[in-house]
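Reading through the structure tokens given below for one structure.
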Amino acid sequence: MKKRLLLTLMVLLIGLQAVIAQTGSVRGKILDDKGEPVIGATIRVKGTSKGTVTDLNGNFKLSVEDGATLAISAIGMKGTEKSAQDGMSVKLVTDQQSLRETVVTAQAIKREKASLGYATTTLNNAELNNGNNVSALGALQGKVSGVNITSTTGGPGGSTRVVIRGEKSIGGNNNALIVVDGIPINNGNRTRSNSLKQVDFGNRGNDVNPDDIETISVLKGAAATALYGSDGANGAIMITTKSGKSKSKASKNEVSFTTGYSWSDILKYPTFQNQYGQGDLNGVPDDRRENFSWGLPFDGELRPWGQVIEGQQRVKRYEAQENNVKDFFNIGKAWENNLSLSGGTEKGNYFVGLNTLNSKGVVPNTFLDKYSIRLNANHDFTNNLYSNINVNYINGSSRVDQGGQGEGSVWNNVCQQPRDIPIGNLKDLNDVFNSQDYTDSNGVRRYGYYGAYTENPYWVAQAFDNRNKYDRLIGQTTLGYRLGSHVTLSNRFGGEVLSDRIYLKSPKLNTVAFEEDFYGSSPKSFNGGYYESTDNFSSYFNDLMLTLNGQVDKLGISAVIGHSIISRRSNFLSSNIDPVTNGLVIENFYSFDNAKSKIAAANSLTRNRKVGLYATVNFDFNKFFFIEMTGRNDWSSTLDASNRSYFYPSISGSWLFSQHLSDAGKKIMNYGKLRANVSSVGNDAQAYQNNNPGFVSTTVSSGFGSNIFPFNDVPGFSYQNAIGNRALKPERQLGKEIGIELGFLEDRINADFTVYSNITKNQILSVPTPSSSGFTTRVINAGTIKNTGIEAGLRLTPVKRKGLRWDLFGTYTRNKNVVMDLPGGVDQIVLGGYSGMSIVAAVGKPFGTFYAIDLLKDANGNQVIDSATGAPKSTTAPVYLGSFQPKFMASWGTGLTVKGLSINVLFDTKQGGYLYSRTKDILEFVGVTPSTTLNDRQPFLWNNSVYENSDGDYVKNTAILTDVYNYYTAANVKPAAQDLVKAGYIKLREISLGYKLPQKWFSKTFIGSGNLSVYGNNLLIWTNKGNDYVDPEVNSGGASNEQGFDFSARPSIRNYGFRLGLTF
């Protein structure tokens, strides 16, 4: 099959060369009515079959005598006839704007959208940046159908996950490929530690400055990205950055400056109860050490709180502090500036951009600073020789707070503050009553903070220091030569170099309470620790491409033949003084010389290379019927030589049926296109998955702790736990798609509808292996995932006249995902979670299904109660629950422009998925949620409950009562499944109000134009009933496959601010 397809492509290409083997004597350029080059315009010699098409810059060359009549036409433009003249420039008038849209497709090839046989969506800079999101990936939310985007924080620095048309790979990456100016870039997930104690510095795709982006195109199906082979298996985000505009006459350069200032705060706080305060009804009702709010009802009376220190004690009223959690967080602030210089001549253009972003987070002491500089330039050295270059340098540094469980988690400690504690009063760490480390007059180190079981969250935010610094250089240069009017040879070389450093500091502390008699068994004792890592990553890409095009009467033919080399290298080095198994000797001395015992060090050098040959052939039948065939063969270094070569083909077609309508018909339906495609792509293996196991330093564990060899100068090594597989093959994805695009009433109504299906088989999985083998896992090819779905988009323009325009728009996506099979004997693959709540891929279930112990129900759905204790019974084994994947996603919005004033509003929603929330669990445990006030905390009769009698029959429960306190606080009573919440939400994603400042204001100044806008993003949220706790988008797994997992994840934020733009 592969050989037949390659032979077919080669025959077509040879035939194409024969068709276009001619020399030209007339050169020219075709422009639209805005002066932009028209790509793919047809130029035919009238009365003959001779013709050609324009290139990416609108240029053409044709063998014809001066004075001959040329018939010139293009999709969406009014045709014209002109006399042939060397150096001619022709402007075409736009006829149907919807047909003129240009899309950057795979390998940065520009195509008319009307000719494409697959679904794409393109946003320009204004559409992308309406909400002024500092993440270009986050700014796509709600604007593109078929794309599931999750931003873990909603603000600077957090991870953003982009999944197109469903989860496809169980053991691999599901994020879309990010391509900037033709170069795929590293979009690595940078969540350190683990999801139970996560430190999320964000992923690399967010480094691109949104203001530098000219357009961003989303290539959704496998047919759209088949030319990228395995790299494009998950779809692609094609980012094209700004360039200067070439001009026929010399003119002044343009300077543009924008500055913006924004504020941020927490988007969604949990709902709290305000009836009961600090204490433990089953212990000391008014216990001032407690993190529990299981105390007495509020009475408003004065009551002492905290420790007695040197005969003094704080006093406050025993009443709810309704905003105490809110009082802890700052108002975040961010200042962003963009300065650019651009210009151009007839021969070339340039763009230079500078960007600064300085933000302070909502958590004390957190920040993000980012600086970038960009240079883009294009130049035609001669009529035939041209080049372009894009270079972007980025420098960033940040400090973030830790999430999850443990003493270093700010949010975990904030959540456990009793309802009557004024958290804002704990801010001054020099106040002895707030201190975690205070030396008394006898030289004894003590803590004065009230809590025996939590830490002062302000101290945690100060003492646990998590920082990241990085330097990144991304760039590409292209050199091309036009070998006549129909053939162009070009070479694009590019890549990136990244140095990423992470520093995590955990404090060493040993203090006792001032009231030792009362607090005696609760010292503050931390071993301290230090982690440091350096990841030096580099990647290089080279694409040599031969582009051919020709015109035979009404048949247009174009083709690209390419050779690709991809090389990636990562050199990772880390050292860790683990605060659990090791520790610091000297406080506040963060050096690897300061470890109690041997440090855990790791280093790895990962290299992989891929070589590819690819080709695409496009047929254009009279500008209404289009066929595209592509094929790519890769040779990957991550697979054994016997399986290293693999081929990915695709075929797509589109029929522009509106071209057959009469002129009267086109006034009603100005645009109509049917499209369909079939394709095959896939993922190759990760580096070294086919290798035999290597050696690792041995760790011996016992009841007295663990030891890392060498021990007493005796070295010890053992094999790694995983077995590689030299027979690995690449994962294979088979995709099908059919869609229709419609435009009515001169684009007053535009609709797009797609049905798709893709099956990914030969999954590369790590599966359990019998311990008798000496290993725990092995890597194999097995497993199949299927995704089927629909996508729809609609845009209406009820009003469109001079100075006034009103748009309404929306998207809808529904994807059904199922794991069809796994290797024999394996029921599920664990994707993440923790021991009490697993996130799995299980046969017959959606990817990302939750698996945990749940409440026990009888056959009629009644809750089974323990007749002896009144506690609800749980299942004896875990059960499958819902998935984190939504059943559908949708968005809707409006844009209104009235002369110089513009308003844009965007809502979006996800419905049908689930989220595990440890935030809910810990809030209920400490008694601060309304659910813990059930029946005024008196024993209650569980609705629709039964108990098992002595005969083993279930009997309706009418008298056995359940204790609220015991249900929420006792171990193993409330099962983990009860902390699953529905993950549905509706968000006011963006709103902006812009004003184009009157030109007369600048008539006597050096300022050319100006605009002012106010905006907000991630502004409001409405969650499903039962989720009174968190924004469902927060996640402890960053951009990995571990989703729907709130293990006390950092809360998300809303942002709002203003922006001023000026040109000079």
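The values are calculated or read from the model by the stated rules, or taken from the named source; none is laboratory data. Computed from a prediction, not measured in an experiment: that's the story for all the values here. No Cβ is skipped: glycine too gets one built from the backbone with ideal geometry, and neighbour counts run over all protein chains shown.
When residues in region 287-302 are screened for being buried (at least 16 other Cβ atoms within 10 Å of the Cβ) and part of a loop (DSSP other than H, G, I, E, B), 8 of them pass. Determine, yes or no, whether residue 956 is of a type in the set (Lys, Arg) and either within 27 Å of the chain's Cα centre (by Cα) or modelled with pLDDT under 95 (or both). Spelling it out, it is not the case that residue 956 is of a type in the set (Lys, Arg) and either within 27 Å of the chain's Cα centre (by Cα) or modelled with pLDDT under 95 (or both). Has region 6-22 got at least one residue that is assigned to a loop (DSSP other than H, G, I, E, B) and either at pLDDT 80 or above or at positive phi (or both)? No, every residue in region 6-22 fails to be assigned to a loop (DSSP other than H, G, I, E, B) and either at pLDDT 80 or above or at positive phi (or both). From the list 964, 1014, the one residue that fits, being more than 30 Å from residue 900 (Cα to Cα) and either of a type in the set (A, V, I, L, M) or in the same structural domain as residue 906 (by TED's automatic domain parsing) (or both), is 964. When each of 494, 475 is tested for being within 24 Å of the chain's Cα centre (by Cα) and buried (at least 21 other Cβ atoms within 10 Å of the Cβ), the lone residue that passes is 494.
Taken together, 861, 836, 913, 895 contain a single residue that is under 30 Å from residue 796 (Cβ atoms) and surrounded by fewer than 23 Cβ atoms within 10 Å (Cβ to Cβ), which is 895. Within region 1043-1064, being more than 11 Å from residue 267 (Cβ to Cβ), more than 13 Å from the chain's Cα centre (by Cα) and part of a loop (DSSP other than H, G, I, E, B) holds for 1044, 1047, 1048, 1049, 1050, 1064. Tallying residues that are touching a Phe, Trp or Tyr at 6+ places or on another chain (Cβ under 8 Å) and farther than 24 Å from residue 282 by Cβ within region 948-986 yields 10. Restricting region 765-818 to residues that are without any contact (Cβ under 8 Å) to a residue 24 or more places away in the chain and in a strand (DSSP E or B), the residue that is nearest to residue 751 (Cα to Cα) is 799. For region 924-954, residues that are closer than 14 Å to residue 275 by Cα, charged (D, E, K, R) and exposed (fewer than 14 other Cβ atoms within 10 Å of the Cβ) total 1.
Remark: residue 864 falls outside the filter, which requires a residue to be part of a strand (DSSP E or B) and in contact with a Ser or Thr (Cβ under 7 Å, 6 or more places away or on another chain).
With (1) outside the structural domain of residue 491 (by TED's automatic domain parsing); (2) in contact with a Gly (Cβ under 8 Å, 6 or more places away or on another chain); (3) more than 30 Å from residue 663 (Cβ to Cβ) as the list, and residue 105 as the residue in question, which single condition is left unmet? In the conditions (1) outside the structural domain of residue 491 (by TED's automatic domain parsing); (2) in contact with a Gly (Cβ under 8 Å, 6 or more places away or on another chain); (3) more than 30 Å from residue 663 (Cβ to Cβ), residue 105 misses (2) alone.
Restricting 788, 797 to residues that are closer than 28 Å to residue 758 by Cα and either at pLDDT 95 or above or buried (at least 19 other Cβ atoms within 10 Å of the Cβ) (or both) narrows the list to 788. Within region 760-785, can you find the residues that are surrounded by 14 or more Cβ atoms within 10 Å (Cβ to Cβ) and hydroxyl-bearing (Ser, Thr, Tyr)? Of everything in region 760-785, those that are surrounded by 14 or more Cβ atoms within 10 Å (Cβ to Cβ) and hydroxyl-bearing (Ser, Thr, Tyr) turn out to be 760, 766, 769, 776, 777, 784.
If a residue counts only when it is surrounded by fewer than 18 Cβ atoms within 10 Å (Cβ to Cβ) and hydrophobic (A, V, I, L, M, F, W, C), which strands (runs of 3 or more DSSP E) contained entirely in region 657-743 have at least 2 such residues?
669-681, 695-697
When region 125-160 is examined, which residues are found to be within 18 Å of residue 1054 (Cα to Cα) and not in a loop (DSSP other than H, G, I, E, B)? If the condition is that a residue be within 18 Å of residue 1054 (Cα to Cα) and not in a loop (DSSP other than H, G, I, E, B), then 128, 138, 139, 140, 149, 150, 151, 160 are the ones that fit. Restricting attention to region 556-573, the residues being surrounded by fewer than 20 Cβ atoms within 10 Å (Cβ to Cβ) and touching a helix residue (DSSP H, G or I) at 6+ places or on another chain (Cβ under 9 Å) number 1. For region 989-1003, check the following and say yes or no: at least one residue is over 30 Å from residue 942 (Cα atoms), aromatic (Phe, Trp, Tyr) and part of a loop (DSSP other than H, G, I, E, B). Scanning region 989-1003 turns up no residue that is over 30 Å from residue 942 (Cα atoms), aromatic (Phe, Trp, Tyr) and part of a loop (DSSP other than H, G, I, E, B). Restricting region 340-366 to residues that are buried (at least 18 other Cβ atoms within 10 Å of the Cβ), hydroxyl-bearing (Ser, Thr, Tyr) and touching a Phe, Trp or Tyr at 6+ places or on another chain (Cβ under 8 Å) leaves a set whose member that is nearest to residue 388 (Cα to Cα) is 342.
Residue by residue, here is whether (1) surrounded by 22 or more Cβ atoms within 10 Å (Cβ to Cβ); (2) over 30 Å from residue 598 (Cα atoms); (3) free of Cβ contacts under 8 Å to residues at least 40 places away in the same chain; (4) of a type in the set (Val, Ile, Thr) holds:
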| position | (1), (2), (3), (4) |
| --- | --- |
| 424 | no, yes, no, no |
| 451 | yes, yes, no, no |
| 465 | no, no, no, no |
| 481 | no, yes, no, no |
| 520 | no, yes, yes, no |
| 530 | yes, no, no, no |
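Considering region 426-449 alone, what residues qualify as being surrounded by fewer than 22 Cβ atoms within 10 Å (Cβ to Cβ) and outside any loop (DSSP other than H, G, I, E, B)? Scanning region 426-449 gives 438, 439, 445. When 616, 638 are checked against the criterion of being assigned by TED's automatic domain parsing to the domain that holds residue 749, in a loop (DSSP other than H, G, I, E, B), within 31 Å of the chain's Cα centre (by Cα) and among the β-branched types (Val, Ile, Thr), a single residue qualifies: 638.
Of all residues in region 30-80, those being in a strand (DSSP E or B), under 17 Å from residue 246 (Cα atoms) and either touching a Lys or Arg at 6+ places or on another chain (Cβ under 6 Å) or among the charged types (D, E, K, R) (or both) number 2.
Selection of region 195-216 for residues being of a type outside the set (Val, Ile, Thr), closer than 19 Å to residue 151 by Cα and either in a strand (DSSP E or B) or free of Cβ contacts under 8 Å to residues at least 60 places away in the same chain (or both) yields 200, 201, 202, 203. Only one of the numbered conditions (1) buried (at least 16 other Cβ atoms within 10 Å of the Cβ); (2) within 30 Å of residue 687 (Cα to Cα) is violated by residue 635, and that is (1).
For region 73-84, filtering for residues that are surrounded by 14 or more Cβ atoms within 10 Å (Cβ to Cβ), of a type outside the set (Ser, Thr, Tyr) and under 24 Å from residue 667 (Cβ atoms) leaves 5.
For residue 719, state whether it is farther than 30 Å from residue 804 by Cα, out of contact with any helix residue (DSSP H, G or I) (no Cβ under 7 Å at 6 or more places or on another chain) and not assigned by TED's automatic domain parsing to the domain that holds residue 221. Criteria met by residue 719. Here residue 838 meets each of (1) over 30 Å from residue 698 (Cα atoms); (2) assigned to a strand (DSSP E or B) with one exception, condition (1).
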